[in-house]
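Here's the structure, in structure tokens; my notes come after.
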Amino acid sequence: MSGTEEIFQQRLERHHDELRWLYMELYQNGDMFAELCDQMYEYYRKRRQQLKKRDRVRENHPDWFRKNDMLGMMLYIDNFAGNLKGVQKKLSYLEKCNVNCIHLMPFLDSPKGRSDGGYAVADFRKVRPDLGTMDELAELADDCHERGMNLCMDFVMNHTSEDHEWAVRARRGEGEYMSRYFFYDNYEIPRRYEETVPQVFPTTAPGNFTYLQDAGHYVMTTFYPYQWDLNYSNPRVFNEMMYNFLYFANQGMDVIRIDAVPYIWKEMGTCCRNLPQVHNIVRMMRMIGEIVCPGVVLLGEVVMEPEKVAPYFGTVEKPECHMLYNVTTMATTWNCVAMEDIRLLKKQMDIVNSLPREYTFLNYLRCHDDIGWGLDYPALRQWGMQEVPHKRFLNDYFTGRIAGSVSRGELYNDDPVTQDARFCGTTASMCGVESAGFEGDSKKMENAIRADIMLHACMLAQSGIPMLYSGDEIGQVNDYSYKDDPDKCVDSRYIHRGKFHWELAEKCEEEGSVQESIFGALDKLEKIRRRESVFDASANVYTYDVHDDAVLCIMREKDGERFFGIFNFSAGERTAWMKEEGAYVDLMTGKEIKVENPVVPGHGFYWIKSK
């Protein structure tokens, strides 16, 4: 047995019994499990030596992705640089942004006009032709690795496009492929599912099933009619999707983002969300990765409040996802902006900070998706706020319909019956950069820039890994040109999925420009975070009550050092009522500062550390 074979066998032996037990619990199929193990070895054998070397280094440093120098940026390949080759040519710009983890938004082959932004995959082994090839993806990964950068991609596990080979053959009536989806020749079983399964898009894509006129069958379509849900009770589906996962890992991916994790397993009579079998699947995926490609990290997309998200980390002994999106904190942050009230954010941060330190959240202000107002409404009700009118207030505020609001954006999936809707817009537009620019109001622009920087400073001070959205570093505003594109005009999320404006990026060093103000401040914050050990993942993190519901204070402690991040969510000047003995320094100015009831400007902040 060669050295590399021995490494594989050692890893397999470490996980074999648990992996087999979970597999057999779901599938009771020893032959399919044996095939899975054989294929795992084949993907390990084909894995390039430089990737195996990367695996071994990371096995010895399993917390590599939790370091305080980790900074991500999510971007669309075509919007950012045209294609994969273009992204490779722009890596120096991303280095200038201090970014060392690039999340490439969906780039696999998907049908034009029925792609859901790339989340309806027609071929898991093919890059969308206008973006490049798999060889170019691997080449980009190699270049990133040489620069100390990581590459992240989306893995859509819940469904395929109706154009996927499996779906095409299922539509023809081939039983082998129909069994990989949920096909029914009458509405009886779909009707029973509909009794308990919520709708994701009740306005634009009502129901959870689509009738195929040509096939004479109903098929489960949780999201859009052209996205067919995969049936993970079929071991062939699980095996083949794991082979796709390992294929991506062998292209050099460092982070695999699992899309829509809670939806993966379906069971009649349930809500088909967060079922126990989902955790078995994610746990098996984690072990398969640790056997074949232990340098690869799983990032789970679970859109729920922190205490319900946490189970997807698994346990310290039996982990599932390495990282999870901090979705609710993002939405609650924007709630604080509109309300000038940080109580709900403080409550949720206390929940996050009470979780085991091994649990790593990915923090962000904006992403490719809309903002759903899935807030903690029981807590808000205690403070006199009701769910429906509060959601309406938030949407009115951020669309600029309320007097005094500087935000601009559009609603997504606006339901006139429930009066529920989601919101779309860029960070800069939500902070007022767009409206101030339109009005030519320099004072408003100054306030908007300050709010934008304050929110980024707040995100960077939290426990977890920060992720920027491409364009936010230069204050890019909403792009309304999507309305002129027949393939995009019905989806308002494209308002914040516009092309990257390189002409604005060139202004990053133009003193006094919006771009220089935001880019320069973020650059300073990111370098401080990278430099100061108090931002390490092992630091203790708490919220600190400064007795003003508009001011959030985050405290970090490590090895006797203390840090205070003080953030004013109101437009007016506020006092943070606190008094700390000892010498402190303002990390942004380098000047000594006394921590005794500091006055914080409207939408301003302090980053303060003990000397």
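The values are calculated or read from the model by the stated rules, or taken from the named source; none is laboratory data. Keep in mind that this is a model prediction, so the values were computed, not measured. Note that each Cβ is placed from the backbone with ideal geometry, even for glycine, and that neighbours are counted across all protein chains shown. To get the accessible areas, we keep the full protein, side chains included, count just its heavy atoms, and leave off ligands, DNA and RNA. Shrake-Rupley method; radii C 1.70, N 1.55, O 1.52, S 1.80 Å.
Can you bin every Cα-Cα distance in the stretch 501-578 into 10 Å intervals starting at zero and give me the percent of pairs per bin, rounded to whole numbers?
Bins of 10 Å from zero give 17, 31, 32, 19, 2 percent of pairs.
Between LYS443 and ARG45, with labels modelled 7 Å along Cα→Cβ, what's the label distance in nm to one decimal, could you check?
7.4 nm
On a full-extension model of 0.36 nm per residue, what is the gain between GLU165 and ARG401, subtracting their alpha-carbon distance, rounded to one decimal in nm?
The GLU165-ARG401 span can extend by a further 80.3 nm.
If you count only protein heavy atoms with a 1.4 Å probe, what accessible area per residue comes out for the stretch 260-300, rounded to a whole Å²?
Ligands and nucleic acids excluded, the result is 21 Å² per residue.
Can you give the three extents of the C-alpha atoms in the stretch 164-309 along their principal axes, from longest to shortest, in whole Å?
Principal-axis extents of the stretch 164-309 (Cα, largest first): 46, 37, 25 Å.
Quick check: residue separation of ASP214 and GLN199 times 0.36 nm, minus the Cα distance between them. What number comes out in nm? Present the calculation step by step, with values, prior to reporting the outcome.
Working: separation 15, 0.36 × 15 = 5.40 nm, distance 2.47 nm.
Stretched fully, the ASP214-GLN199 segment lengthens by 2.9 nm.
Between GLU146 and GLU573, what's the calculated FRET efficiency when r is the beta-carbon distance and R0 is 51 Å? Round to 0.05. Please list the in-between numbers first.
Values: r = 48 Å, r/R0 = 0.95.
Computed FRET efficiency for GLU146 and GLU573 comes out at 0.60.
As I understand it, the value is the acute angle between the Cα axis of helix 276-292 and the longest principal axis of the Cα atoms of the chain; what does it come to in degrees, rounded to 10?
90 degrees
In Å², what does the accessible area per residue of the stretch 1-130 work out to with a 1.4 Å probe?
46 Å²
Quantify, in whole percent, the carbon and sulfur part of the accessible surface of the stretch 433-503 (1.4 Å probe; protein heavy atoms only).
Details: 1520 of 2750 Å².
Using a 1.4 Å probe with all protein chains present, the stretch 433-503 comes out at 55 percent carbon and sulfur.
Counting only the heavy atoms of the protein chains, how much of TRP577 is accessible to a 1.4 Å probe, in Å² to the nearest 10?
Here the residue's solvent-accessible area equals roughly 130 Å².
Per residue of the stretch 184-189, in order, report the coupling 6.51 cos²θ - 1.76 cosθ + 1.60 (Karplus, θ = phi - 60°) as ³J(HN,Hα) in whole Hz, putting x for Gly and Pro.
Residue by residue, the stretch 184-189 yields 9, 8, 8, 8, 4, 5 Hz.
Could you please state how large a percent of the accessible area of the stretch 233-275 is carbon and sulfur, counting protein chains only and using a 1.4 Å probe?
Looking at the stretch 233-275 in its full context, I get 47 percent from C and S.
In degrees, nearest 10, range 0 to 90: what is the angle between the Cα axis of helix 3-27 and the longest Cα principal axis of the chain?
80 degrees
Can you tell me the orientation of helix 387-398 relative to the chain, as the angle in degrees between its alpha-carbon axis and the longest Cα principal axis, to the nearest 10?
So the helix axis and the longest Cα principal axis differ by about 70 degrees.
For a 20 Å ceiling on Cα separation, which of these pairs sit above it: LYS126/LYS488; LYS266/LYS391; LYS112/LYS483; LYS67/LYS524; LYS53/LYS89?
Flagged as over cut-off: LYS126/LYS488; LYS266/LYS391; LYS53/LYS89.
When the Karplus curve 6.51 cos²θ - 1.76 cosθ + 1.60 is applied with θ = phi - 60°, which whole-Hz ³J(HN,Hα) does each residue of the stretch 134-139 get, with x for Gly and Pro?
5, 4, 5, 5, 4, 5
Got a sec? What order do ASP370, ASP414, ASP123 fall in by accessible area at 1.4 Å, biggest, i.e. largest, first? Write out the running numbers ahead of the final one.
Details: ASP370 15, ASP414 80, ASP123 55 Å².
Greatest to least solvent exposure: ASP414, ASP123, ASP370.
If you plug each phi of the stretch 200-209 into the Karplus form 6.51 cos²θ - 1.76 cosθ + 1.60 with θ = phi - 60°, what whole-Hz ³J(HN,Hα) values come out, in order, with x for Gly and Pro?
Each residue's phi maps through the Karplus curve to give 7, 10, x, 8, 8, 8, x, x, 10, 9 Hz.
Pick out, in residue order, every one of the trypsin sites (Lys or Arg not before Pro) in the stretch 327-366 that is DSSP loop and has at most 14 other C-beta atoms within 10 Å; say none if there are none.
ARG357
Determine the order of THR360, THR589 by accessible area, beginning with the largest, at a probe radius of 1.4 Å.
Sorted by accessible area, descending: THR589, THR360.
Counting every Cα pair in the stretch 445-546, what percent are over 16 Å apart? Mind showing how you got there, number by number?
Details: 3368 of 5151 pairs.
In whole percent, the share of Cα-Cα pairs in the stretch 445-546 beyond 16 Å is 65.
Quickly work out the ASP559-to-ASP536 label distance, labels modelled 7 Å from Cα along the C-beta direction, and quote it in nm with one decimal.
0.5 nm
What residues qualify as long-range amide H neighbours of LEU468, i.e. H under 5 Å apart, gap of 5 or more or another chain, H built at 1.01 Å from N?
Placed amide hydrogens put GLY72, MET73, MET74 under 5 Å from LEU468.
Accessible area of the stretch 1-97 with a 1.4 Å probe: how many percent of it is carbon plus sulfur?
47 percent
Could you give the length gained on full extension between GLU580 and GLU317, defined as 0.36 nm per residue of separation minus the Cα-Cα distance, in nm?
Working: separation 263, 0.36 × 263 = 94.68 nm, distance 3.90 nm.
Computed gain between GLU580 and GLU317 is 90.8 nm.
With each pseudo-label sitting 7 Å past Cα toward Cβ, what's the GLU174-SER354 distance in nm, one decimal?
With each label point 7 Å from Cα toward Cβ, the separation is 5.3 nm.
For a Förster distance of 25 Å, can you work out the FRET efficiency between the beta-carbons of ASP185 and VAL303, rounded to the nearest 0.05?
Efficiency, from the Cβ-Cβ distance: 0.15.
Just to confirm, what accessible area per residue do you get for the stretch 316-355 at 1.4 Å probe, in whole Å²?
Numbers: 1220 Å² over 40 residues.
Averaged over the residues of the stretch 316-355, the accessible area is 31 Å².
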